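To start, the structure under review is shown below, and the notes come after it.
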Amino acid sequence: MMAVRRKVLLTLLLVLVAVIFSVQDAELNFGEIGELSNSADFLAQMWPLDFSMLGHSLEETLITVEIAFLGTLAGLVVSFPLAFLAARNTSPHPTVYNGVRSFLTFLRSVPELVLALIFVPTFGLEPLTVIMALFLHNGAVLGKLLSELVEAAEPGPQEAVASTGARGVLVALYGIVPQIFPNILSHSFYRFEVGVRSSLLFGAIGAGGIGDVLYLHFKTFEYAAMAVDVLLIMVLIWFLDYMGSYFRAKVI
Amino acid sequence: MLQFVDVSKRYAHGAPLALSQVSLDVAEGEFVVVLGRSGAGKSTLIRCANGLVSPSSGEVRWNGRSVTAARHRELLDLRSEMGMIFQQFHLIDRLDVQTNVMVGRFHDLPLWRVLIGSFPAEVREQARQALARVGIDHLAEQRADGLSGGQQQRVAIARVLMQRPKLLLGDEPVASLDPVTADVILKLLKEIHQQERMTTLLNLHDVRLAKQVATRIVGIRSGRVVFDGPPDQVDDARIREIYGAAE
Ligand SMILES: Nc1ncnc2c1ncn2[C@@H]1O[C@H](COP(=O)(O)OP(=O)(O)O)[C@@H](O)[C@H]1O
Ligand SMILES: [Mg+2]
């Protein structure tokens, strides 16, 4: 009893210390809170909404989605074979298993932002740079996730296929993939959703898409047009959420 | 045709022997039923036949070739000559019945065809015929996981027919079925044994069922063969010997 109470107190103390340091280091200036009217002004200028650039914004929204789609799909395609090499039960050799697994772990630990920066000198601040970053990141993330699904797959159907004399790649394709297919789809769609959010942010640093347009409208004081961009983004995120839960329920 | 030569199996260091120096010779045309209580080593024995389990010592031979030493292509070739059905059926749930049956031909079909799922018309037709043979061709297009247990085991049997093996292995093939269905499925296996001259090696729980279908019964107790003879020799005393006194 005492031990539990001391643990709780200690945890609270640590959180408190962390808050104090964080507030100091971030130089939060609450004195400026009296000038919240600036933000209110900013919000007020969004009205009435300016739909004159809606067509362009819609096109750019589509580009944001396409960037995420291509980055995720490419990642999925590459992660698929890697997952089988990185799963204990299907890997041809322990060395391959360890090698691929370490590679995926390393690649996964590199933030998307860093991956993107690596490609900026080659492709510039362009959609292709973002696609490449998402591709590498998703390849690694999905490779790990899929390898875990492969390892957790029921052995029964695998044995049944193997018992006919079918070779290993067919045992994997027919004995494992159908079982984990719904999970592959839902993981991939989730990565796509995350990819759209990343693609929005990369847009805001100039890599194209609706994030780019939004930031441009912000910088040029076109707040009423920017508000439309914000609405588009909100609708997009809501739509993806909805799609995600719809077809997660559907494919199982 | 199938020989177990001094086969022992220990799954892990310190674990008891699942099989202990089992020697057994299954001849062409036999219908051998393995009896024994739960944990006696029946599944281990059946699974050693096609190399799903590797013996710790001893050797399994198939028509003079060593299953135990076989690797890669050679092992696949050996396995293609033995069909297998399971207690839990182990179909590919999300695929249709016909595709499940065509799995029996994966060993012979060109790899690219199976990879992209493009099966020749005659293979599809043969799958239909195999399904008709087990009485469920009307279910060909259904998803396997929508079927009843008895129907799923029929699909698995159709897959074996498609494979056209010389030996049928069965690991408790009727243990998950209700008594009536179990009877029907076992009769079907016996029919196939007779009509297709398919040598059969099964393990079963039920002594009564075993005596109905077997041409030979093998009793296993704690990994050892304690009985090997014709069904009519299996009397109460033998049954006690195989199953041991009730605990
Ligand atoms: N995959 C396995 N790993 C470890 N031990 C196993 C495994 N399969 C079976 N055994 C053990 O081997 C013995 C024989 O099991 P099994 O062949 O399944 O018997 P039966 O089929 O007659 O019930 C049991 O003690 C069981 O616990
Ligand atoms: Mg068993």
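Structural remarks
- Axis of helix B:179-195 versus longest Cα principal axis of chain B: the two differ by about 80°, to the nearest ten degrees.
- Mean accessible surface per residue for the stretch A:54-251, computed with a 1.4 Å probe while every protein chain stays in place, in Å²: 46
- Each residue was assigned an accessible area with a 1.4 Å probe, and for A:F181 the value is about 90 Å².
- Long-range HN-HN contacts of B:I85 with modeled amide H, under 5 Å: B:L169, B:G170, B:D171
- For the protein assembly as shown, with +1 on Lys and Arg beta carbons and -1 on Asp and Glu, the positive-most of A:I118, B:A15, A:H56 along the dipole: B:A15
- Other-chain or far-sequence residues with amide H under 5 Å of B:D25's (modelled H): B:F4
- The GluC sites (Glu not before Pro) of the stretch B:86-177 meeting both criteria, a DSSP state outside H, G, I, E and B (loop) and at most 14 other C-beta atoms within 10 angstrom of the site's C-beta, are B:E141.
- For chain B, the 222 nm mean residue ellipticity estimated from helices alone, with every DSSP H stretch of n ≥ 4 adding -39500 (n - 2.57) and the total spread over all residues, rounds to -10500 deg cm²/dmol.
- Burial ranking of peptide ranges B:220-233, A:65-78 (average Cβ count within 10 Å, highest at the top): A:65-78, B:220-233
- With all protein chains modelled, accessible area of B:E81 [1.4 Å, Å²]: 40
- Averaged over B:85-96, number of beta-carbon atoms from partner chains that fall within 10 Å: 5
- Ranked from largest to smallest solvent-accessible area, with a 1.4 Å probe on the protein heavy atoms, A:Y97, A:Y246 come out as A:Y246, A:Y97.
- With all protein chains in place and ligands, DNA and RNA left out, the 1.4 Å accessible area ranks A:H187, A:H217 as A:H187, A:H217, largest first.
- With all protein chains in place and ligands, DNA and RNA left out, the 1.4 Å accessible area ranks B:H13, A:H137 as B:H13, A:H137, largest first.
- Leaving ligands and nucleic acids aside, the A/B contact buries around 2000 square angstrom of accessible area in total at a 1.4 Å probe radius.
- Karplus-derived HN-Hα couplings along the stretch B:94-105 (A = 6.51, B = -1.76, C = 1.60, θ = phi - 60°), whole Hz, x at Gly and Pro: 7, 9, 6, 4, 4, 5, 4, 5, 5, 3, x, 9
- Across peptide A:153-161, the mean count of Cβ atoms from other chains lying within 10 Å of each residue's own Cβ comes to 6.
- Degrees, to the nearest 10: B:149-163 long Cα axis against longest axis of chain B: 80
- For B:L19, the residues whose amide H sits under 5 Å from its own are B:K9, ignoring neighbours fewer than 5 places away on the same chain, with H placed 1.01 Å from N.
- The mean number of partner chain beta-carbon atoms within 10 angstrom of a residue's beta-carbon across peptide B:101-110 is 4.
- Here the 3J(HN,Hα) profile of the stretch A:199-213, calculated from phi with Karplus coefficients 6.51, -1.76 and 1.60 at θ = phi - 60°, is 4, 4, 5, 4, x, 5, 9, x, 9, x, x, 5, x, 4, 4 Hz, Gly and Pro shown as x.
- Here is the list for the stretch B:1-73: trypsin sites (Lys or Arg not before Pro) lying in DSSP coil, each with at most 13 other C-beta atoms within 10 angstrom of its C-beta, are B:R71.
- With Cα atoms, 0 to 90° folded angle of helix A:2-25 axis to chain A main axis: 50
- For the protein assembly as shown, the convex hull drawn through the C-alpha positions has a volume of 245 cubic angstrom per residue.
- Once you divide the Cα radius of gyration of the stretch B:93-163 by 2.2 N^0.38 Å, the number left is 1.01.
- A Cβ-based charge dipole, computed about the Cα centre of chain B with Lys and Arg at +1 and Asp and Glu at -1, lands at about 420 debye.
- Accessible area (Å², 1.4 Å probe, nearest 10) - B:K187: 120
- Phi to ³J(HN,Hα) by Karplus 6.51 cos²θ - 1.76 cosθ + 1.60 over the stretch B:33-40, Hz, x for Gly, Pro: 10, 9, 10, x, 6, 4, x, 6
The values are calculated or read from the model by the stated rules, or taken from the named source; none is laboratory data. The shown structure was predicted, so the numbers you read here are calculated from the model rather than taken from an experiment. FYI the Cβ positions are ideal-geometry reconstructions off the backbone, even for glycines, and counts take in every protein chain you see. Keep in mind that these areas ignore ligands, DNA and RNA; they rest on the heavy atoms of the full protein, side chains included. Shrake-Rupley method; radii C 1.70, N 1.55, O 1.52, S 1.80 Å.
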